[in-house]
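Peer 1: Take this structure first; my questions come after.
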2 protein chains.
Amino acid sequence: MLHLSLDEPSYYWQPVVSSSKPQYGSAKDFEKAISELKIAFPDEDAVSTDPDDVYAHGYSVNDYHRGTAHSVVVYPKSTEDVVKIVRIANKYRMPIVAYAGATSLEGQFRGHSAGGICVDMAQMNQILQINEGDSDMVCQPGVGWVEINETLHEKGIPLFFPIDPALSATLSGMISNGCSGIVLPSGEVIKTRRRSRKSAADFDTTKLFVGAGDTLGIITEVTIRLAPVLPSTVAVVHFPDVRRACEAVKDVMNKGVGIQSVEILDDLFMTAINNFGQSGRVWPTKDTLFFKLQGHSAASLKESAKVVREVAEKHGGFGFQLAKNDEEAENIWTDRKNAHYAGLALVPECRPLATDVCVSVSRLPDLIHETQKDLKNSGIMAPIVGHVGDGNFHAQILFTIDAEYQIAKEVSTRLVHRAIAMDGTCTGEHGVGLGKRQYLVEELGAGTVGLMKTVKNALDPLGLFNPGKAYDDTNSK
Amino acid sequence: MLHLSLDEPSYYWQPVVSSSKPQYGSAKDFEKAISELKIAFPDEDAVSTDPDDVYAHGYSVNDYHRGTAHSVVVYPKSTEDVVKIVRIANKYRMPIVAYAGATSLEGQFRGHSAGGICVDMAQMNQILQINEGDSDMVCQPGVGWVEINETLHEKGIPLFFPIDPALSATLSGMISNGCSGIVLPSGEVIKTRRRSRKSAADFDTTKLFVGAGDTLGIITEVTIRLAPVLPSTVAVVHFPDVRRACEAVKDVMNKGVGIQSVEILDDLFMTAINNFGQSGRVWPTKDTLFFKLQGHSAASLKESAKVVREVAEKHGGFGFQLAKNDEEAENIWTDRKNAHYAGLALVPECRPLATDVCVSVSRLPDLIHETQKDLKNSGIMAPIVGHVGDGNFHAQILFTIDAEYQIAKEVSTRLVHRAIAMDGTCTGEHGVGLGKRQYLVEELGAGTVGLMKTVKNALDPLGLFNPGKAYDDTNSK
C-alpha cells in the first residue's frame, strides 16, 4: 500500500545521493598519516602497524567473512585522542573503523579494501560516574558489560546492567540507551542528550548513532540505565516441538509475571551442551525453554514460577524444573550461555554462519518450523537458539569446507527472504555490517535506504567512517 | 569535558548549514496552490480557506502562544492524499504544518508568518490492523488513544495502549514505538521499519521522525505496541512535602513491584480538584502521590500495595488509601486526569503556561523545592503535577494579564536554566515547538543543534516542513 507509482512530476525535489565512490588518499598519503599518528601518540604501544595486529583487527573466527587487514591500529585513551585520529583521517582521506569487544558477527570491524585506520577502544575502558540514586552510570565505550556488573557488585550497589550478550561484548557495540559523547566525521565533539530519563527536545540524535555501526560517528562516552538487583531464579521446561514452546511463551508473556529473559534451545543445542562437558547435568535432548524470572520477593518468584509452569504444561511442556537456589540458577544459566561454543564443538574445525532474523512473535513458530525443514533437507548441522519473547532466533549453521559454506549461504538467504515476507527483518540484533547489505532494500525499500544514505552523505561527505558497511554499498567487498 | 577547544586546523570538514532563510512562494503562488488543492480534492469539505477555520487551526486556548493563521486547511484521507498535498507545496514553495489532536502546548501547529498549508489529520483516523497475537496494531495517525482503547475493549481483546496523555490526543502527536509510513518533504513515501519488535537493520530512521514535530516528514501510518490488560488498582498517599514524596517514589521504584504510573499533585492542585466539583470526595489539601498498580493476580496487587504503603510511610506518607474496587480506582484516577482543567478553574479567564522540565530523579526534589520558592516569591498561582518516576514535572503557571504573563515567562526561564544546570532538559514530553527554541543550544550544545539542522537541510532543502519550529530558527516569530 505504501509503494506508490504516481506519475512523477519533474518539479519536486529528489534526494541527491552522491553515487560516486569516495576518493581516498594515496598510499603515500596513508604513510604520512601513519607518521602523524605516531607523532600524535608517542607512547610505544599506541600505534601499531604490526602485520599480525592489523590483520587480527580485521578478522574474526566467530563469523563467516574473510579477513581484511587495516593499515594501522591506534589505541586512544580519551575523546580528545579520538578527535586527533579523526582529524588526521580527514587530512589524508583515510577510512576509519572502530573496534571494541570484537564480538560482531557480520564483519562490522573488517578493514576496507583501500586500507585505513582501526580505532581500538581497549584503553577507553573507564567507568566515569556511578549515579546510584538515578540508576545510571557514565562510561567510556570500551568497558565490558561483565566488568560493569562486577564493579557494581563489588561496591555493594544493588543495581545491574540488565543485558546478557557475549561475555566479551563492550558498550561500544551495544549502545542501548541514554546520552552519548560522539566524535563526528568532521572531528566535532557533541553530546547528544542530557542525563534525564525522558526528553522531548526534538528528535533524539542519539538514535542516529545507535545501530549505525560507527558509520556516522564514533561513540566515546555512554550513559547507560541500570536496573535494580531483585530476587531472581531460573526455570527450565521441555517441549515436544519448537512450535508449542513458542506458543507457551506468547501466552506466558501476557500474564504479567516478571520475566527477565526467555530463551529457546532446540534439541541439537541440548545435545551440544551435554557433549560440551561444562555442564554438571545431563539434559534431555528436547526443545527447551530457559526462563529467567524476577520478582520483589521469594514469594512473588514462587508465584511467577507457578504461572509459568501452568502455562507451559497447557502447551505440552514437561519436566519443569525450578532452580533450588542462586547457585543452581547460575549453573543452569551458564549452560545456556555456553551454547555458542558448545555448538561450535559439534563439528571439529568448523566456522559458524549465525542467522539473525526477527519476526512478529505470532509468525515465529512457522518461521522456525520451515527453517528446520530447510536445514534438514540441506544436510548441514545447525543448532537453533531463540530469544522467543522478541521473535528473534539464530541458526548456527556450521561449515568446514567451501561447498558447505555455499549451502549455508543459500539456507541463510532463503531464511532472510522468508522472514522479510513475514514482515520481519534480516537482523534482530547482529546488525547489517557486510553480511546483510544485500537485503536492506528488500526489507526497508529504496526510499528508506536512500534516506540513510542522504543522512550519511550530509554527515560524512568524504565517506571515511566505516565505509562499505551497512547501508553504504560503496565498497563492493 | 566534552567541550573541547583544540586548535582548529583549516583542513577538516565543517557541516554546512544553509544560514539563508528559505525562499517561499509569492502570494500569487499560494493562490495557485490553493486552486490546485481544490482541484485535487474536489469534496466540498476537503479544502477550507474559511477565516475562522484557518485561524482556529493556528491557535490554542490551552497554551500561551499567540495564534497565527494558516492560508488553507486540507483534510487528507490517505497517504496518497498527503503525497498530493506535499507535491503541491513543493511546486509553489509553500510551508506545510500537520495538525491532529491539537493538544500540543508549545505552539507546534501554529501557522507560519509566510502563510502555508495546514494538513488536518482528522479524517486519517482508521484502525488498519489489530494483531492480537503480536500485541500490536497499525493505525492512521489521526486515531485517538481513547478510541483505540475503547475499540479493543469493545472487541473483547485483552490488550490496551499503555499511555495516558490528554484525552483528545491522537497518535500523530505522540508516536511512541514501531514502524511508520512517512511522507518525506520530497513527496516520497517510505516505511521506516518492519513489524518485528526488534531490528538491528542500521540506525532506526523511525527515530528521526519521533519528536521532530513534522519538521522532517509527515507520519501517515503508525504501528503501536499494546500491553496486556492486567488486574490493576489505584492507591493514594499524602506527604508533608514534595521532597519526601519524591524520595518515597525513588525508593519504591527499586522494589520491583508493578507500577504503571506514579504521579504527584501538590497541595494547590488538590485544592483545585476539591473546588472543581467533579470529584465524589473531599481530598486532604496535601502534596499527594497517585499510584496506578498492576499485577498478575489480585493477590500480587495486594502485596504490591503493601510494599508501596510501607515505603511511603517510611518517608512520612500518611492517609494511605487503596481503591476498594475497579470503579473506585477509576474515579480516583479521573480526579488526577481532571487536574489540567481543575487548575485552570482556579483563576477565572486565565491561560496557562505549562512548564515541562525533566531531570534525573535524584535531582527532582531539589528542583521542585526551589521552583516552589520561586513561584511563591513571584506571587503567581501555579499548581504542580509531576510524573515523578521520570523526573518530569509541570508547573501550570496561570496568568490573565500581560504583566502576569511576563512574570510567568521569567519564572519559566529561570526554571529551565535551573533544570539544564542539573543536567536536565527544557522539555520532558511537550516538545520544543515555538516555546523552547531559545534553550536548545544551552541544553544540547551548538554541535548537536547544528547536526539537527544538517539533517533537516539534507531532507528538506526548501525548508517547507513546519518551518520555524523546534531546532529550526529561520522563523523569528
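The values are calculated or read from the model by the stated rules, or taken from the named source; none is laboratory data. Computed from a predicted model, the values in this text were never measured in an experiment. Here the Cβ is made from the backbone with ideal geometry for all residues, glycine too, and neighbour counts use every protein chain on show. These area figures cover heavy atoms from the full protein model, side chains too; ligands, DNA and RNA do not enter into them. Shrake-Rupley method; radii C 1.70, N 1.55, O 1.52, S 1.80 Å.
Peer 1: Can you pull out the residues in the stretch A:463-475 that are in contact (Cβ under 8 Å) with a residue 60 or more places away in the chain and either surrounded by fewer than 20 Cβ atoms within 10 Å (Cβ to Cβ) or more than 9 Å from chain B (Cβ to nearest Cβ) (or both)?
Peer 2: Selection gives A:Gly463, A:Leu464, A:Phe465, A:Asn466, A:Pro467, A:Gly468, A:Lys469, A:Asp472, A:Thr474, A:Asn475.
Peer 1: Going through the stretch A:301-349 one residue at a time, which ones are surrounded by fewer than 18 Cβ atoms within 10 Å (Cβ to Cβ) and small (Gly, Ala, Ser)?
Peer 2: Those that are surrounded by fewer than 18 Cβ atoms within 10 Å (Cβ to Cβ) and small (Gly, Ala, Ser): A:Gly316, A:Gly319, A:Ala345.
Peer 1: Would you point out the residue of the stretch B:67-93, among those that are part of a helix (DSSP H, G or I) and touching a Gly at 6+ places or on another chain (Cβ under 7 Å), that is nearest to B:Asp164 (Cα to Cα)?
Peer 2: Here the answer is B:Thr79.
Peer 1: So A:Tyr12 ticks every box in (1) open to solvent by less than 40 Å² (accessible area, probe 1.4 Å); (2) in contact with a strand residue (DSSP E or B) (Cβ under 8 Å, 6 or more places away or on another chain); (3) modelled with pLDDT under 95; (4) within 13 Å of chain B (Cβ to nearest Cβ) but one. Which box is left unticked?
Peer 2: For A:Tyr12, the exception is condition (2).
Peer 1: While we're on this one: I'm checking my understanding of the structure. Among residues of the stretch A:73-99 that are farther than 21 Å from A:Asp472 by Cα and under 25 Å from the mean Cα position of the chain (by Cα), which one is nearest to the other protein chains (Cβ to nearest Cβ)?
Peer 2: A:Thr79
Peer 1: For the stretch A:286-300, enumerate the residues that are in contact with an Asp or Glu (Cβ under 6 Å, 6 or more places away or on another chain) and open to solvent by 30 Å² or more (accessible area, probe 1.4 Å).
Peer 2: Matches in the stretch A:286-300: A:Lys286 only.
Peer 1: Using the structure shown, decide if A:Ala272 is modelled with pLDDT of 95 or more and not in a strand (DSSP E or B).
Peer 2: In short, yes.
Peer 1: Check off (1) away from chain B (no Cβ under 14 Å); (2) under 19 Å from A:Arg244 (Cβ atoms) for A:Asp366 and give me the number that stays unchecked.
Peer 2: (1)
Peer 1: Restricting to the stretch B:302-314, give me the number of residues that are more than 31 Å from the chain's Cα centre (by Cα) and away from every other protein chain (no Cβ under 14 Å).
Peer 2: Final tally of qualifying residues: 2.
Peer 1: Please go through (1) over 30 Å from A:Gly133 (Cα atoms); (2) part of a helix (DSSP H, G or I) for A:Leu301 and return the number of the only condition it doesn't satisfy.
Peer 2: Of everything listed in (1) over 30 Å from A:Gly133 (Cα atoms); (2) part of a helix (DSSP H, G or I), A:Leu301 misses just condition (1).
Peer 1: Is it the case, given these coordinates, that B:Gly277 is within 28 Å of the chain's Cα centre (by Cα) and open to solvent by 30 Å² or more (accessible area, probe 1.4 Å)?
Peer 2: It is true that B:Gly277 is within 28 Å of the chain's Cα centre (by Cα) and open to solvent by 30 Å² or more (accessible area, probe 1.4 Å).
Peer 1: Looking only at helices (runs of 4 or more DSSP H) that fall completely inside the stretch A:339-447, which ones have 1 or more residues that are over 17 Å from the mean Cα position of the chain (by Cα) and basic (Lys, Arg)?
Peer 2: Of the helices (runs of 4 or more DSSP H) lying wholly inside the stretch A:339-447, those with at least 1 residues that are over 17 Å from the mean Cα position of the chain (by Cα) and basic (Lys, Arg) span A:364-378, A:402-421.
Peer 1: Scan the stretch A:211-230 and tell me whether some residue there is open to solvent by less than 10 Å² (accessible area, probe 1.4 Å), more than 11 Å from chain B (Cβ to nearest Cβ), assigned to a helix (DSSP H, G or I) and under 27 Å from A:Gln294 (Cβ atoms).
Peer 2: There is no residue in the stretch A:211-230 that is open to solvent by less than 10 Å² (accessible area, probe 1.4 Å), more than 11 Å from chain B (Cβ to nearest Cβ), assigned to a helix (DSSP H, G or I) and under 27 Å from A:Gln294 (Cβ atoms).
Peer 1: Additional query: So how many residues does the stretch A:337-362 have that are under 29 Å from A:Asn62 (Cβ atoms) and either among the β-branched types (Val, Ile, Thr) or in contact with a Lys or Arg (Cβ under 9 Å, 6 or more places away or on another chain) (or both)?
Peer 2: The total comes to 10.
Peer 1: Given the criterion within 27 Å of B:His340 (Cβ to Cβ) and at pLDDT below 95, identify the matching residue among B:Gly295, B:Gly280, B:Gly319.
Peer 2: Of B:Gly295, B:Gly280, B:Gly319, the one residue that is within 27 Å of B:His340 (Cβ to Cβ) and at pLDDT below 95 is B:Gly280.
Peer 1: Restricting to the stretch A:258-301, name every residue that is among the basic types (Lys, Arg), away from every other protein chain (no Cβ under 14 Å) and out of contact with any His (no Cβ under 7 Å at 6 or more places or on another chain).
Peer 2: Hit for the stretch A:258-301 is A:Arg281, nothing else.
Peer 1: Hey, another quick one. Look at B:Lys250 and say whether it is open to solvent by 50 Å² or more (accessible area, probe 1.4 Å) and in contact with a helix residue (DSSP H, G or I) (Cβ under 6 Å, 6 or more places away or on another chain).
Peer 2: Answer is no for this residue.
Peer 1: Among the residues of the stretch A:400-415, what is the count of those that are farther than 19 Å from A:Asp266 by Cα and touching a strand residue (DSSP E or B) at 6+ places or on another chain (Cβ under 9 Å)?
Peer 2: 6
Peer 1: If you take the residues in the stretch A:396-408 that are out of contact with any Asp or Glu (no Cβ under 9 Å at 6 or more places or on another chain) and under 18 Å from A:Tyr341 (Cα atoms), which one is surrounded by the most Cβ atoms within 10 Å (Cβ to Cβ)?
Peer 2: Out of the qualifying residues, it is A:Gln396.
Peer 1: Restricting the search to the stretch B:392-409, which residues are more than 14 Å from chain A (Cβ to nearest Cβ) and farther than 18 Å from B:Arg66 by Cβ?
Peer 2: B:Ala395, B:Gln396 - these are the residues of the stretch B:392-409 that are more than 14 Å from chain A (Cβ to nearest Cβ) and farther than 18 Å from B:Arg66 by Cβ.
Peer 1: I would also like to ask the following. Of the residues B:Val97, B:Val47, B:Val54, B:Val74, only one is farther than 30 Å from B:Glu410 by Cβ and touching a residue at least 60 places away in the same chain (Cβ under 8 Å); which?
Peer 2: B:Val54
Peer 1: Still on this structure, please answer the following. Restricting the search to the stretch A:425-456, which residues are touching a residue at least 40 places away in the same chain (Cβ under 8 Å), open to solvent by 10 Å² or more (accessible area, probe 1.4 Å) and more than 7 Å from every other protein chain (Cβ to nearest Cβ)?
Peer 2: A:Leu434, A:Gly450, A:Lys453, A:Lys456
Peer 1: Regarding A:Asn254, is this residue over 27 Å from A:Gly431 (Cβ atoms), free of Cβ contacts under 8 Å to residues at least 12 places away in the same chain and more than 13 Å from chain B (Cβ to nearest Cβ)?
Peer 2: no
Peer 1: To continue, here is another question. Show me the strands (runs of 3 or more DSSP E) entirely contained within the stretch B:94-205 in which 3 or more residues are buried (at least 19 other Cβ atoms within 10 Å of the Cβ).
Peer 2: Those strands (runs of 3 or more DSSP E) span B:96-99, B:117-120, B:136-139, B:180-183, B:189-191.
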